[in-house]
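Student: First, the structure itself, so that you have it in front of you.
The values are calculated or read from the model by the stated rules, or taken from the named source; none is laboratory data. What you see is a predicted model; the values in this text were computed from it and never measured. Every residue, glycine as well, gets a Cβ built from its backbone with ideal geometry; the counts of neighbours run over all protein chains shown.
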Amino acid sequence: MSPNSSKDRSSQIGPTPEVVKTTKIESKNAVKDTVPVVSEAEVDGTSIAREKQEASYVGWKQVGGWEEKDELTPEDLLVDLSKDTYVGNLLPEKLYGDWYHDVAILTIGALGSFALGYFKFSLTSVLIVILATGVLYRSSSKKYRERLRDLAQKEQTVEKISDDYESIEWLNTFLDKYWPIIEPSVSQQVVDGTNTALSKIEAIPKFIKAIWLDQFTLGVKPPRIDTIKTFQNTKSDIVVMDLCLSFTPHDMSDLDGKQSRNYVNSNIVLKAKMFGVDLPVSVSDLSFRVFTRLRFQLMTTLPLVETMNIQLLETPEIDFIGRLLGNSIFNWEILAIPGLMRLIQKMTLKYLSPVLLPPFSLQLNIPQLLSKTGLPIGVLEIKVKGAYGLRKLTDIIDKTVDPYLTFELSDKIVGTTKVVKNSINPTWDESVYILLQSFTDPLTITVYDKSETLKDKKMGVIVFNLNKLHANHYQKDEKAHFLRNSKPVGRLAFDLRFYPTIEAKKLINGDEEPLPDLNTGITKIVINEIKGLNEPSDKESVFAELYVNAQLVMTTKKKKRTADINWDSCYYSVITDRRKAICRFVIKNQSGKVISSSVQPLNDLIDRTEVDKEWIPLKDGKGELKITTYWRPVAIDLGLKTVGYTTPIGMLRVFINKAENLRNPDSLGKISPYAKVSVNGITKGRTNQKIETLSPIWNQAIYVSVTSPLQRVSIDCLGTDTNGDVLPLGSFNIQTQNVFHKDNDDKYIDFIDNTPRTGNLVGKKGVKGIVTYYLSFYPIVPVLSLEEAREVDDINEKKDKLEKEKISLDDKTTSREEKERIKKEEAMITEKYDMYSYKMKLDLDELLQYNAGVLGVTVLGGELPQPGLYVQTFFDSCGYATITSAKNAIRTIKTGWSGDFMIKELEWSVTTFRVTKVKDANKAEDFVCEVNIPTLELVKNCYYKPSVLNLIDKKSAKLLVQVSWFPISASELPQSDLITNSGNLKITAKNAENLTGINRNGYSDPYLEFFLNEMNTSAVFKTTVQKKTLNPSWNESKTIEISNRVNDYLTINVMDYESTNSNRCIGKAVVPLSTIEPEEDADLDVALVGPKGEDGGLLHLKFEFEPHYTSNVVKREAKFGNFATKGLGTGIKAGSTVFALGTNVVSTGFGTIDKVRLGVFGGGKGRKHTEDEEPKEKQ
């Protein structure tokens, strides 16, 4: 059945696997009846409408007219072998079946026919000879083919003399079997993608109204891998192999009769609609054969392959038949033009040679491709020192040599140096940062002589191979000769250092490790489209300009002004200080008049993409601009800039109340859950762990800093199973749209919401679990940081200098370039002023008047006792580290880090720096060394300049630390966040009255049990037993540690002691600890409730609460089947001696501090420890 049959294609498709059923199948007539999709393309500044057409036939079934009756059966594959011949059963084996038998049969048949004709026999006798000859030849041919099959089977069975090449028949067999199934879907995807792209290509002449693939199939025969060879003598992490790939869908030599009937060759028909006529171009009998070499660089983490290099060992052999006007009677074969095929081969060699042919190769970075961002693989730093012995050009006109360097990758200039005046031994001493896409492209360094009047003259070239940077990222003291006419004309000294792009690593459990929060990296800014431009005009085109830090870096193409304009223009850049990067988008018409604009910090653009809020409102409400921004950190060694702290706009308080109905992935018991809060995927804080429960109650507040209202804040719930493994239980994003508000002065205001919010935990297995939480926001006082204050001073100096320069300039004599430079400097100064105009400049004494604020901590360097350690920073009552470094591979800390914490009470706050072997070790667990410092003293001594902290214990370490202090604009903070929320509670059980008597004698043997919160834990205090009384007197005391006075409560049980049976409860009471005031004796008369709700008597208690910071964590022990706990952390007591400074801790000379203060509200009191024990009878 031909492709032009009117029969519905859907009726031709037999029962096939699901992958074929999903293939789009339409009749030719149905395609013509569909409404074409119109897309816009622009040529010469004007937009044209081009129809997106649908293909008529896609895949081998539609193109070949396959019917269900044509389906091959297993018997069809044996049809040529299963039928015997009559002659084959009569003749001996040696009389037929070889090539010379066939020759003899044909010779006898020819001579016999000649003899019959010569002796004038009738034609009937000749037909008898032909019939006999045909029967003999058929039997002989079948026997010959059988022998060939036997020989092929022997070749596959017999052990071969080994050569370098191997076969990969298992893959070829797989393709042979499944290619007919997957080919229609592959063809459909190719057609859809190609037709969409063709409808948008702007280079197509506008008289072509539509262009599309009308028919497409690759045929029923799949591509094959003919040979493959793997090299043995390579490094353990490198795999190199050669293979031969062939595709010959027109070869029918291995097909039988019925297979030939189902055969469909490759066929591609491209149609173009022009001047009202559809003009087809067909390509058929496509075949190629290519020898290629693949090189894989392996790595230990997913996706296991870091890079793949592809190299063609020789020019590919390509053949096809191309016909203008398709298969019509007027078709014209394109390759019939003399010399065209030769031209195609030469052009293929010309353009493939510098990309794929030896010694060049195409390098693919697999993690980069999987990230789908299209960002370069890293940043190359070229530290240019100087050149020596540069030789002048013989035909040079200028008397002096003013050299400068350019750096090229793939024939594009990616960097330049400054010009050194009048020197053949120039010294640059500058670093140039360029983006690197692969290591295979050589770096071309060209030295030019700057000319004021004529064009710059090339003096010499260096072509440097970057491949060795892959193994060793730092190439120091490189020296290379400039060549001119293959002769050395000078020498260049330089250093190379490669900084790889940091991609998120996939962990074994499938989660992604969060990216480090660095200040340096690579960004990709995409100006996608604009909508809502008012006052449209058909005669006007518009374009967009992108300025980064007042420098014009990209201009889009001009587009006809419509309601929606699409550009999709990309800009890549190395960012050396993300905090200060300001992007300005300017929309202009074709005459250069500004229509509208928008100024956005780079951090905000990144946050917008993170939360899918890419539409930016333009100035004065003149439309919206869609900007997509990608960011990947790169650890460029720039000192403070690499780990610079970003000033937040405030602190978001996330009070996590509880979770309910959590998933339990632990098959041996119950999970022990905890929750953490993350900002843009980076963990900022976590709750304590609740042991073996699926409905934990945390009641913990976690403060996280936010640098813009667009950041993604999420809550993740995790749990530790019986084996000690941490398993994810689900997560969700916090909705913060209604949290950030500004006043009339454009300043953020605090937001306190006492309404509970809930979020559903979403995991890999669906939705399971609900978390209840509360949100509040406390903005910081808008003050300049120390770095910003210094920058403002520099801006003022530059402004004054620029004003003086403008006054001294003469408009008539000033060059255009000079005026442009002054204009750019003014724009940059204006942008900087806009950034800092709303902030106040306060000195340290003024900042310390605020008792609450955000403490930014930056560790710039240090020395550790051994490699493989982590540095943690704890604050106040936090049992888990707020800031944790990455694992330090060496003793010296070269790449620092930063973080922050919300200090609620600066006068009582304590900061702990600790070195540990375990990344997530809590405060109660073992450490290598540490130091505890009052936060107030830390701010005073590390604010204006970095200071060295000495950490001591069994071993010692040093850290170079600098801090920032940003006051919080809050009149009052929740009581549960202050130091008065934790401390030592002394419980005194005085006596009781009118207890219930349940013994036969009318009395009871009472004693008291005190539980903290629920009764499912052991009692924190038990009194002795009072015999035979309803009015017992104990006068016993015990001191316990409280971590959450505002939310905790005491559950009290009055028990009757039984020496033989179980003890019985005769009364209960609950005492909220929030009723107990700090540093005051509280005498409480607590009414008891009997077992049946009746009056159970009166209990007289006394409480004393002494506040101090507690960590409320325990040391973990690894025990199978039991999460053991011991070693309760004691915390740091407010009012006690925290640390003596001056000699051991800070090398910059802190003053000695004997004590911070004697107590929070007066004199401090010691703790009394009482062991838990069974109740004893009081004699």
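Student: Looking only at residues that are in contact with a Leu (Cβ under 7 Å, 6 or more places away or on another chain) and modelled with pLDDT of 85 or more in the range 295-306, which one is surrounded by the fewest Cβ atoms within 10 Å (Cβ to Cβ)?
Tutor: L298
Student: Looking at the range 216-227, is at least one residue under 18 Å from L175 (Cα atoms), among the hydrophobic types (A, V, I, L, M, F, W, C) and either crowded, with 17+ Cβ neighbours inside 10 Å or at pLDDT below 85 (or both)?
Tutor: Quick first cut of the range 216-227, residues under 18 Å from L175 (Cα atoms) only: 217-227.
In the following step, the residues that additionally are among the hydrophobic types (A, V, I, L, M, F, W, C) were identified as 218, 220, 225.
Next cut, either crowded, with 17+ Cβ neighbours inside 10 Å or at pLDDT below 85 (or both) only: 218, 220.
Yes, there is a match, as at least one residue in the range 216-227 is under 18 Å from L175 (Cα atoms), among the hydrophobic types (A, V, I, L, M, F, W, C) and either crowded, with 17+ Cβ neighbours inside 10 Å or at pLDDT below 85 (or both).
Student: Further, regarding this structure: Take the range 313-329 and flag every residue that is over 16 Å from V283 (Cβ atoms) and outside any loop (DSSP other than H, G, I, E, B).
Tutor: Passing the criteria: only E317.
Student: From T758, T683, T772, T693, which residue is outside any strand (DSSP E or B) and polar (S, T, N, Q)?
Tutor: Working: T758 fails: outside any strand (DSSP E or B); T683 fails: outside any strand (DSSP E or B); T772 fails: outside any strand (DSSP E or B).
Testing whether each residue is outside any strand (DSSP E or B) and polar (S, T, N, Q) leaves just T693.
Student: While we're looking at this one, here's another question. Go through (1) surrounded by fewer than 13 Cβ atoms within 10 Å (Cβ to Cβ); (2) under 24 Å from A272 (Cβ atoms) for G322 and report which single condition fails.
Tutor: (1) is the only condition that G322 fails.
Student: Sort out which residues of the range 1072-1103 are touching a Ser or Thr at 6+ places or on another chain (Cβ under 8 Å) and not in a loop (DSSP other than H, G, I, E, B), and write them in order of number.
Tutor: Of everything in the range 1072-1103, those that are touching a Ser or Thr at 6+ places or on another chain (Cβ under 8 Å) and not in a loop (DSSP other than H, G, I, E, B) turn out to be A1082, L1084, G1096, G1097, L1101, K1102, F1103.
Student: Ok, one more. Of the conditions (1) more than 23 Å from L312 (Cβ to Cβ); (2) at pLDDT 85 or above; (3) surrounded by fewer than 12 Cβ atoms within 10 Å (Cβ to Cβ), R342 clears all except one; give me its number.
Tutor: (1)
So that you can scan it fast, the table gives a plain yes or no per residue for (1) of a type outside the set (S, T, Y); (2) over 19 Å from N1112 (Cβ atoms); (3) more than 34 Å from the chain's Cα centre (by Cα); (4) not assigned by TED's automatic domain parsing to the domain that holds T687:
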position: V910; (1), (2), (3), (4): yes, no, yes, yes
position: V915; (1), (2), (3), (4): yes, yes, no, yes
position: V939; (1), (2), (3), (4): yes, yes, yes, yes
position: S947; (1), (2), (3), (4): no, yes, yes, yes
position: V961; (1), (2), (3), (4): yes, yes, no, yes
position: F966; (1), (2), (3), (4): yes, yes, no, yes
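Student: Filter the range 630-656 down to residues that are part of a strand (DSSP E or B) and touching a Pro at 6+ places or on another chain (Cβ under 7 Å) and give me whichever is nearest to S969 (Cα to Cα).
Tutor: G650
Student: What about L390, is it out of contact with any Lys or Arg (no Cβ under 6 Å at 6 or more places or on another chain) and surrounded by fewer than 20 Cβ atoms within 10 Å (Cβ to Cβ)?
Tutor: Numbers: out of contact with any Lys or Arg (no Cβ under 6 Å at 6 or more places or on another chain): yes; surrounded by fewer than 20 Cβ atoms within 10 Å (Cβ to Cβ): no.
Judged against the criteria, L390 is not a match.
Student: How many residues does the range 330-339 contain that are surrounded by fewer than 14 Cβ atoms within 10 Å (Cβ to Cβ), part of a helix (DSSP H, G or I) and either of a type outside the set (A, V, I, L, M) or touching a Gly at 6+ places or on another chain (Cβ under 7 Å) (or both)?
Tutor: The first filter runs over the range 330-339 and keeps only residues surrounded by fewer than 14 Cβ atoms within 10 Å (Cβ to Cβ), leaving 330, 332-333, 335-339.
In the following step, the residues that additionally are part of a helix (DSSP H, G or I) were identified as 335-336.
Right, trim to either of a type outside the set (A, V, I, L, M) or touching a Gly at 6+ places or on another chain (Cβ under 7 Å) (or both) and you get 335.
Summing the residues that are surrounded by fewer than 14 Cβ atoms within 10 Å (Cβ to Cβ), part of a helix (DSSP H, G or I) and either of a type outside the set (A, V, I, L, M) or touching a Gly at 6+ places or on another chain (Cβ under 7 Å) (or both) in the range 330-339 gives 1.
Student: Name the pairs: first residue in the range 232-245 and within 14 Å of N309 (Cβ to Cβ), second residue polar (S, T, N, Q) and assigned to a loop (DSSP other than H, G, I, E, B), Cβ to Cβ under 7 Å, at least 6 apart or on different chains?
Tutor: V240/T234
Student: Looking at V355, is it assigned to a loop (DSSP other than H, G, I, E, B), among the β-branched types (V, I, T) and under 42 Å from the mean Cα position of the chain (by Cα)?
Tutor: On the way: assigned to a loop (DSSP other than H, G, I, E, B): yes; among the β-branched types (V, I, T): yes; under 42 Å from the mean Cα position of the chain (by Cα): yes.
Taking the combined requirement at face value, the residue satisfies it.
Student: With (1) surrounded by fewer than 17 Cβ atoms within 10 Å (Cβ to Cβ); (2) assigned to a strand (DSSP E or B); (3) in contact with a strand residue (DSSP E or B) (Cβ under 6 Å, 6 or more places away or on another chain) as the list, and M459 as the residue in question, which single condition is left unmet?
Tutor: Of (1) surrounded by fewer than 17 Cβ atoms within 10 Å (Cβ to Cβ); (2) assigned to a strand (DSSP E or B); (3) in contact with a strand residue (DSSP E or B) (Cβ under 6 Å, 6 or more places away or on another chain), only one is false for M459: (1).
Student: Here's another thing I want to ask about it. Could you count how many residues in the range 919-973 are of a type in the set (S, T, N, Q) and in a loop (DSSP other than H, G, I, E, B)?
Tutor: Total satisfying the criteria: 3.
Student: Can I ask one more? Could you tell me which of the residues E478, E408, E430 is under 14 Å from I382 (Cβ atoms) and crowded, with 18+ Cβ neighbours inside 10 Å?
Tutor: On the way: E478 fails: crowded, with 18+ Cβ neighbours inside 10 Å; E430 fails: crowded, with 18+ Cβ neighbours inside 10 Å.
Going through E478, E408, E430 in turn, the sole match is E408.
Student: In this structure, is A992 within 20 Å of V871 (Cα to Cα) and at pLDDT below 95? It would help to see each step written out before you state the result.
Tutor: Values: within 20 Å of V871 (Cα to Cα): no; at pLDDT below 95: yes.
Criteria not met by A992.
Student: W179 is checked against (1) modelled with pLDDT of 85 or more; (2) exposed (fewer than 14 other Cβ atoms within 10 Å of the Cβ); (3) in the same structural domain as T248 (by TED's automatic domain parsing) and fails just one. What number does that condition carry?
Tutor: (2)
Student: Another one. Report yes if R914 is over 19 Å from I682 (Cα atoms), crowded, with 19+ Cβ neighbours inside 10 Å and among the basic types (K, R), otherwise no. Spell out the reasoning first.
Tutor: Details: over 19 Å from I682 (Cα atoms): yes; crowded, with 19+ Cβ neighbours inside 10 Å: yes; among the basic types (K, R): yes.
So R914 passes the test.
Student: Name the single residue that is surrounded by the fewest Cβ atoms within 10 Å (Cβ to Cβ) among those in the range 844-887 being assigned to a helix (DSSP H, G or I) and either in contact (Cβ under 8 Å) with a residue 12 or more places away in the chain or in contact with a Gly (Cβ under 7 Å, 6 or more places away or on another chain) (or both).
Tutor: Keep residues of the range 844-887 that are assigned to a helix (DSSP H, G or I), which gives 844-847.
Checking which are either in contact (Cβ under 8 Å) with a residue 12 or more places away in the chain or in contact with a Gly (Cβ under 7 Å, 6 or more places away or on another chain) (or both) leaves us with 844, 847.
Details: L844: 12, L847: 17.
Only one residue tops the list, namely L844.
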